[in-house]
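Read the structure below first, then the notes.
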4 protein chains.
Amino acid sequence: MKINILGSAGSILNQFIAEIRDVQIQSDSPRFRQNLERMGQVFAYEISKTLEYSTREVVTPFGTAEIPVLKNPPVLATIMRAGLPIHSGLMNYFDCAGSAFISAYRKVYKDGHFKIHINYVSCPDLGGEVLILSDALLATGYSMELCYRELLTYGQPAHTHIVTVLSSAEGIDHLKKNLNTSQITFWTGAVDEEMTAQAYLVPGLGDAGDLAFGKKGD
Amino acid sequence: MKINILGSAGSILNQFIAEIRDVQIQSDSPRFRQNLERMGQVFAYEISKTLEYSTREVVTPFGTAEIPVLKNPPVLATIMRAGLPIHSGLMNYFDCAGSAFISAYRKVYKDGHFKIHINYVSCPDLGGEVLILSDALLATGYSMELCYRELLTYGQPAHTHIVTVLSSAEGIDHLKKNLNTSQITFWTGAVDEEMTAQAYLVPGLGDAGDLAFGKKGD
Amino acid sequence: MKINILGSAGSILNQFIAEIRDVQIQSDSPRFRQNLERMGQVFAYEISKTLEYSTREVVTPFGTAEIPVLKNPPVLATIMRAGLPIHSGLMNYFDCAGSAFISAYRKVYKDGHFKIHINYVSCPDLGGEVLILSDALLATGYSMELCYRELLTYGQPAHTHIVTVLSSAEGIDHLKKNLNTSQITFWTGAVDEEMTAQAYLVPGLGDAGDLAFGKKGD
Amino acid sequence: MKINILGSAGSILNQFIAEIRDVQIQSDSPRFRQNLERMGQVFAYEISKTLEYSTREVVTPFGTAEIPVLKNPPVLATIMRAGLPIHSGLMNYFDCAGSAFISAYRKVYKDGHFKIHINYVSCPDLGGEVLILSDALLATGYSMELCYRELLTYGQPAHTHIVTVLSSAEGIDHLKKNLNTSQITFWTGAVDEEMTAQAYLVPGLGDAGDLAFGKKGD
């Protein structure tokens with residue numbers, strides 16, 4: 001599994017990361033969503049550099065041009081609900097791609113341990129496709145792994161790009177151990193070394209779903 | 001249940017409706033999503049005329065202005081997956097509102113009858129709030145009714161606005177019979193008189209979810 | 001000249017007006033531009049209710065629908081540079097309209113009096129068209145009047161809608177006196193009663209161009 | 001003058017280039033503008049990789065993060081009117097940058113030769129700033145050179161990035177000869193080898209201003 005940390009090189013992406021982390025700025029929820037959307041666009045563009053192109057002849061008003069265009073648009077899967085703004089950004093660039101939506105939830109047991117279940121999935125056939133699977137954050141990595149495995153029941157993609165805005169080092173280790181295949185490329189904005197007991201990234205940004213869409217009721 | 005059919009009066013909304021219905025134009029999926037999003041904005045604006053405002057004193061560079069601003073932002077609930085683009089449009093105008101997402105699916109039995117189940121819901125507390133519940137289309141009205149009832153378990157809203165881009169006459173009748181309360185206002189772009197046996201609106205536009213996000217796999 | 005003050009009725013438009021006036025919020029220049037853009041969309045929608053429609057038969061996947069669609073898209077003229085974000089909003093809804101751009105500047109003479117000159121204009125033929133002429137603010141009304149007259153050299157529009165986000169009472173009086181024809185409709189968000197000696201609206205919002213695009217150099 | 005041709009490497013940028021060149025697709029003017037805007041975003045992102053960053057400590061809900069953020073936002077200058085959609089894209093990423101607008105026109109004399117004049121400019125102080133100067137196309141290069149020189153009267157930028165979606169080989173030669181300094185970096189999507197007698201790129205895309213905003217009147 002190849003790992004690309006886009007924030008390591010200086011670029012405007014880091015401005016977006018600074019804004020979603022900043023406890024003052026992140027309380028502006030439309031801006032928070034917009035920053036995730038812009039990050040989705042940057043990931044789309046960087047991922048697009050790794051895709052396959054074929055030459056198409058385009059008729060212009062003054063002649064014809066040969067232009068390398070995408071062989072196959074990818075499928076854009078996202079994890080509900082925090083992944084939605086990143087998914088919007090990915091869709092802005094891969095605008096003819098099909099979409100998949102998936103939801104996993106933690107069922108916490110009395111003794112404190114939890115298990116992750118899939119309760120919602122809507123997905124096109126994935127056999128032979130390029131899959132881009134996005135979520136806001138990678139914490140433990142368990143739900144990302146589970147969502148990925150669930151999506152495989154819709155067919156084996158030719159390649160999968162997993163995208164999160166921020167990731168924990170532990171989550172990346174988890175994916176490395178459990179999804180260690182050359183058929184997966186992992187993309188993230190930045191890697192945080194720690195997590196709280198409740199699996200929040202440290203320094204992280206808090207709860208991405210709540211910041212984008214408000215707190216859930218009981 | 002008050003009913004507002006926004007497309008009855010001539011406005012640019014009908015241009016958007018024409019484009020999402022038109023079998024040629026609707027194959028341009030980014031434009032299809034954009035038209036749903038623009039319609040969501042128009043619904044947001046028209047609904048906003050019915051909401052309550054209180055006067056806020058705003059300090060400008062040259063003085064102070066008294067401006068009527070929204071007393072409470074509404075909660076924006078949408079039905080997965082076809083409701084997402086309308087939800088984006090509603091969020092563009094009610095940009096500090098909290099969001100709810102809900103999914104219902106039809107379980108079809110051997111004898112052909114089906115039952116609708118809720119499999120995903122993420123929702124803030126709704127007690128006393130203004131709820132705007134959106135979906136792309138209102139067909140039979142069964143899943144809209146079921147989603148609405150499910151959301152009520154998160155608290156009784158002060159008022160609910162149900163929004164769909166297109167509706168069947170039968171679906172509206174269903175809501176009238178089953179949700180007939182002055183606490184609900186129904187908003188739609190246009191009303192179609194017929195439905196196919198598979199509950200597609202006629203003339204309708206086809207499957208809004210497929211047009212926005214691609215066909216689902218098996 | 002008919003006058004429509006959209007902020008008089010309670011709607012989400014007033015939230016946008018509050019944000020562009022508010023000295024704290026307006027320093028967020030991307031949000032300032034976005035609020036002007038959203039206001040442009042609302043003006044587009046309200047103006048669209050006054051335009052002419054003809055019925056078009058649209059072929060859907062399941063039949064045909066008769067939909068009233070715009071007879072002729074309007075021409076969207078805007079005054080540089082402060083009008084650009086409103087123009088973007090108008091274009092978002094009238095997306096096949098042609099655009100005109102015009103610039104006027106105040107030449108201030110030694111004795112303090114000034115004269116307004118046109119230095120830039122790019123405009124399609126306007127003969128028989130519906131013209132929507134936008135600017136951020138209406139202050140004295142002199143440059144709006146001059147720009148309107150300059151545009152008339154490109155043909156006599158069938159009707160002209162003049163749109164500004166905020167207007168001074170004096171500026172409206174100026175237009176009433178000098179452009180008093182039933183062929184013009186004036187649209188604004190709110191009317192401010194006073195102006196400073198430098199022709200800033202009071203309470204107003206300051207310099208719309210600077211807030212959107214930064215201060216000019218010398 | 002360093003030259004970067006972004007379309008040489010396969011990326012989604014070429015899809016956008018294919019769409020703006022394609023005589024069928026370019027007649028969809030909102031999409032044409034959107035493609036220029038998306039290209040502006042991609043240029044913004046790639047240019048951002050060359051800018052200077054300083055580390056800022058950001059307080060998150062769970063700690064502090066050190067993030068490299070832009071030392072100084074650039075100034076975004078664009079040439080009217082065809083540059084406006086690219087400028088929108090650049091602003092989407094450099095959203096706190098100041099803007100400059102400039103217009104040049106060709107005055108054609110009886111004997112067929114023409115001279116380019118500046119008729120409109122609005123510009124902040126540029127001394128020591130990073131300037132990004134954009135236009136849709138680079139044809140002969142004369143108006144780009146003239147606009148650049150006009151902007152220099154507002155101060156000497158620390159560095160200038162010139163951006164066009166498509167460029168003629170001749171236009172690049174012109175800039176190389178006349179603006180050959182290490183203080184300028186040139187960015188373009190693709191280079192066309194030929195031009196018509198009327199200075200349209202071949203194969204090119206036609207008139208970018210007309211495609212974005214409609215034909216001008218007489």
By my count, helices (runs of 4 or more DSSP H) wholly in segment B:111-218 with at least 1 residues that are out of contact with any Cys (no Cβ under 8 Å at 6 or more places or on another chain) and farther than 17 Å from residue B:35 by Cβ are B:142-152, B:169-178
Filter segment C:67-106 for residues that are more than 13 Å from chain D (Cβ to nearest Cβ) and touching a Gly at 6+ places or on another chain (Cβ under 7 Å); which is farthest from residue C:139 (Cα to Cα)?
C:68
Going residue by residue through segment C:74-91, is there one that turns out to be surrounded by fewer than 19 Cβ atoms within 10 Å (Cβ to Cβ) and either more than 23 Å from residue C:179 (Cβ to Cβ) or in contact (Cβ under 8 Å) with a residue 12 or more places away in the chain (or both)?
no
Taking segment C:112-146 on its own, how many of its residues are among the polar types (S, T, N, Q), in contact with a His (Cβ under 8 Å, 6 or more places away or on another chain) and buried (at least 22 other Cβ atoms within 10 Å of the Cβ)?
1
Can you tell me which residue in segment D:160-218 is farthest from residue D:140 (Cα to Cα), limited to those that are surrounded by fewer than 22 Cβ atoms within 10 Å (Cβ to Cβ) and of a type in the set (Asp, Glu)?
D:218
Using the structure shown, decide if residue C:25 is surrounded by fewer than 19 Cβ atoms within 10 Å (Cβ to Cβ), touching a helix residue (DSSP H, G or I) at 6+ places or on another chain (Cβ under 6 Å), facing chain B (nearest Cβ under 10 Å) and at negative phi.
yes
For segment D:28-48, what are the residues that are touching a residue at least 60 places away in the same chain (Cβ under 8 Å) and more than 10 Å from chain A (Cβ to nearest Cβ)?
D:29, D:32, D:33, D:36, D:39, D:40, D:43
Filter segment D:34-60 down to the residues that are among the aliphatic types (A, V, I, L, M), more than 23 Å from residue A:89 (Cα to Cα) and touching a helix residue (DSSP H, G or I) at 6+ places or on another chain (Cβ under 8 Å) and list them by number.
D:58
Assuming residue C:109 fulfils every condition listed in (1) of a type outside the set (Val, Ile, Thr); (2) surrounded by 23 or more Cβ atoms within 10 Å (Cβ to Cβ); (3) more than 14 Å from chain D (Cβ to nearest Cβ); (4) in contact with a Lys or Arg (Cβ under 9 Å, 6 or more places away or on another chain) apart from one, which condition is it?
(2)
Restricting the search to segment C:113-138, which residues are within 24 Å of residue C:203 (Cα to Cα) and small (Gly, Ala, Ser)?
C:134, C:136
Inspect segment C:140-147 for any residue being touching a helix residue (DSSP H, G or I) at 6+ places or on another chain (Cβ under 7 Å), touching a residue at least 60 places away in the same chain (Cβ under 8 Å), away from every other protein chain (no Cβ under 12 Å) and more than 30 Å from residue B:189 (Cβ to Cβ) and give the result as yes or no.
yes
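Suppose the filter is out of contact with any Asp or Glu (no Cβ under 7 Å at 6 or more places or on another chain), at pLDDT below 95 and surrounded by fewer than 21 Cβ atoms within 10 Å (Cβ to Cβ); does residue B:156 pass it? Lay out the reasoning, then the answer.
Working: out of contact with any Asp or Glu (no Cβ under 7 Å at 6 or more places or on another chain): yes; at pLDDT below 95: no; surrounded by fewer than 21 Cβ atoms within 10 Å (Cβ to Cβ): yes.
Taking the combined requirement at face value, the residue does not satisfy it.
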Selection from segment B:49-66 of residues farther than 24 Å from residue B:161 by Cα and either of a type in the set (Gly, Ala, Ser) or more than 8 Å from chain C (Cβ to nearest Cβ) (or both) yields B:57, B:63, B:65, B:66
Filter segment D:102-134 down to the residues that are closer than 18 Å to residue D:82 by Cα and among the small types (Gly, Ala, Ser) and list them by number.
D:103, D:104, D:122, D:134
Could you please find all residues in segment C:183-194 being in contact with a Gly (Cβ under 9 Å, 6 or more places away or on another chain) and more than 9 Å from chain B (Cβ to nearest Cβ)?
C:188, C:189, C:191
If I filter segment B:78-110 down to residues being assigned to a strand (DSSP E or B) and among the charged types (D, E, K, R), which single residue comes out as farthest from residue C:17 (Cα to Cα)?
B:107
Hey, can you tell me all the residues within segment D:20-33 that are part of a helix (DSSP H, G or I) and over 20 Å from residue C:91 (Cα atoms)?
D:21
Every residue in segment A:33-57 that is surrounded by fewer than 21 Cβ atoms within 10 Å (Cβ to Cβ) and of a type in the set (A, V, I, L, M, F, W, C), please.
A:51
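The values are calculated or read from the model by the stated rules, or taken from the named source; none is laboratory data. Keep in mind that what you see is a predicted model, and the values were worked out from it rather than measured. When we count neighbours, we look across all protein chains shown, and the Cβ atoms used for this are built from the backbone with ideal geometry, even at glycine.
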